[in-house]
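Structure, as structure tokens:
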Amino acid sequence: MEETSKLKNELERTKLELGILYEISNAMRTTLKLDEILYIILTGVTAHIGLGFNRALLFLINEKDGLIEGKMGIGPETGEEANRIWGLIEGEKMDLEDLINAYKNANKAGNDGFDSGFSKQVQRLKFPINNSDEALLSLVAQEGMPLHLTKETIVNYKNSPIAQLLKNDELVLIPLKAKNKINGIIVADNFINREPITKDDIRMLTMLANQAGLAIENSQLYEKTVMQANLDSLTGLWNHGYFQYLLNTELEKSRAMQKPLSLIMLDIDYFKVYNDALGHQSGDKILKELAGLLKDQSRKMDFVCRYGGEEFAAILPQTDKEEALLIAERLRMDIERYNFTHEDILPGKQLTVSLGVASFPEDGLLPAELISASDKFLYHAKNKGRNKTCC
């Protein structure tokens, strides 16, 4: 009877575990957006209806740059916050689907409330794959095996930035794999309730990690395909079609958050003179040089696009007119100072640009209104002698 009861309990536990993994796996199939995939994975690791860890971090392997990069972290920062969040979830009877939908809805509204201070700390972490300073992540990335650190063994890694960030005496690191290739690492612990991490916990986390690695790979392939379809083939900037989509999307976010947004339109002065004198291939080289300069001198949050011909656009989220003018002027002066190929054939012996700046809400509420306003200001700049910024 004792053996039968034990077997029955094990079957019930296995059934529960498979149910949890099935639910998380189904959730990962509902989207191809990388940030949503990462949130689903970490919610599956930390939610009470998931694996139930108190806190989890996710890192992705950037093979191109040889880096391990922090992407997201989920978990309370204090015991008080833990009790508040867990109490709210229990009181609202939120299941995994509810938690994921709350994140997606917040994203649509442009709300970064889910991007906690803890998650922002994680996002600032970047380490070379072969890095003795961050031996924990480096070890897992290279060996591809789970690493369980206890009170006795974690002292060997006391200088690790991960150990210093988490400040806990037990944690587990699990590699994410796709086709036998490591593409990420999950770090998890129980720093609030101090429950020990068992072999069953590690087994479940490893099973989840195997599915998560494939979901991340599919998402990255999708995003790469989308990016290639929406990039201008000459300059590598976003193309006109995607510019329209981005402007519409960012305007909706600004409206929902009641935040400003600005649009810079930029046109090369006397570009026809350059093209006529040296030919279109030389003109294409100038467009590529200018595109590279615009990308390098723009903020990470901005969207730089090729509007058409020699005209470019920059969408500046959460940026009012005053700040946008400063950015536009800085771009104008950087371009004026830059030594472009054969620019001495142009009037003034240097390549310059004229810029127009329009802002939401004062210059327009709709994408077409903002484009029209910034275009109008751009031609004011042309009429005033070029190499100017107008608004």
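The values are calculated or read from the model by the stated rules, or taken from the named source; none is laboratory data. Predicted model, so just to flag it, every value in this text is computed and none were measured. Every residue, glycine among them, receives a Cβ derived from its backbone with ideal geometry; neighbour counts consider all protein chains shown. Just the protein is used for accessible areas: all its heavy atoms, side chains included, with ligands, DNA and RNA removed. Shrake-Rupley method; radii C 1.70, N 1.55, O 1.52, S 1.80 Å.
Worth a mention:
- Taking the listed residues 268, 315, 286, the one that is under 26 Å from the mean Cα position of the chain (by Cα), at negative phi and of a type in the set (A, V, I, L, M) is 315, with no other qualifying.
- Checking each residue in region 234-257 for being in contact with a Pro (Cβ under 9 Å, 6 or more places away or on another chain) and open to solvent by 40 Å² or more (accessible area, probe 1.4 Å) picks out 244, 248, 253, 255.
- For residue 142: the one exception among (1) in a helix (DSSP H, G or I); (2) buried (at least 21 other Cβ atoms within 10 Å of the Cβ): (2)
Per-residue answers, yes or no, for (1) part of a helix (DSSP H, G or I); (2) on the phi > 0 side of the Ramachandran plot; (3) among the small types (Gly, Ala, Ser):
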| residue | (1), (2), (3) |
| --- | --- |
| 138 | yes, no, yes |
| 175 | no, no, no |
| 196 | no, no, no |
| 214 | yes, no, no |
| 223 | yes, no, no |
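- Scanning region 284-323 for residues that are farther than 17 Å from residue 391 by Cβ, in a helix (DSSP H, G or I) and of a type in the set (Asp, Glu) returns 284, 289, 296.
- Residue within region 196-203 that is touching a Leu at 6+ places or on another chain (Cβ under 9 Å) and open to solvent by 50 Å² or more (accessible area, probe 1.4 Å) present: no
- Residue check, residue 223 open to solvent by less than 30 Å² (accessible area, probe 1.4 Å), under 30 Å from residue 307 (Cβ atoms) and in contact (Cβ under 8 Å) with a residue 40 or more places away in the chain: no
- The set of residues from region 36-89 being in a helix (DSSP H, G or I), farther than 14 Å from residue 189 by Cβ and under 17 Å from the mean Cα position of the chain (by Cα) comprises 36, 37, 38, 39, 40, 41.
- Residue match in region 8-17 (condition: assigned to a helix (DSSP H, G or I), over 26 Å from residue 250 (Cα atoms), acidic (Asp, Glu) and open to solvent by less than 60 Å² (accessible area, probe 1.4 Å)): yes
- Residue within region 265-280 that is free of Cβ contacts under 8 Å to residues at least 60 places away in the same chain, in contact with a Phe, Trp or Tyr (Cβ under 8 Å, 6 or more places away or on another chain) and surrounded by fewer than 22 Cβ atoms within 10 Å (Cβ to Cβ) present: no
Each row is one residue, and each column tells you yes or no for (1) touching a Ser or Thr at 6+ places or on another chain (Cβ under 6 Å); (2) of a type in the set (S, T, N, Q); (3) modelled with pLDDT of 75 or more.
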position: 81; (1), (2), (3): no, no, yes
position: 88; (1), (2), (3): no, no, no
position: 99; (1), (2), (3): yes, no, yes
position: 110; (1), (2), (3): no, no, no
position: 129; (1), (2), (3): no, no, yes
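- Of all the residues in region 344-371, those that are assigned to a helix (DSSP H, G or I) and either free of Cβ contacts under 8 Å to residues at least 60 places away in the same chain or out of contact with any Phe, Trp or Tyr (no Cβ under 8 Å at 6 or more places or on another chain) (or both) number 7.
- Condition check for residue 228 on (1) in a strand (DSSP E or B); (2) open to solvent by 60 Å² or more (accessible area, probe 1.4 Å): one failure, at (1).
- Some residue of region 313-336 being basic (Lys, Arg) and buried (at least 20 other Cβ atoms within 10 Å of the Cβ): yes
- Test: residue in region 377-390 that is touching a residue at least 60 places away in the same chain (Cβ under 8 Å) and open to solvent by 60 Å² or more (accessible area, probe 1.4 Å): yes
- Residue that is at pLDDT 90 or above and in a strand (DSSP E or B), where the choices are 265, 207: 265
- Selection from region 377-391 of residues that are over 18 Å from residue 270 (Cα atoms) and either modelled with pLDDT of 95 or more or β-branched (Val, Ile, Thr) (or both): none
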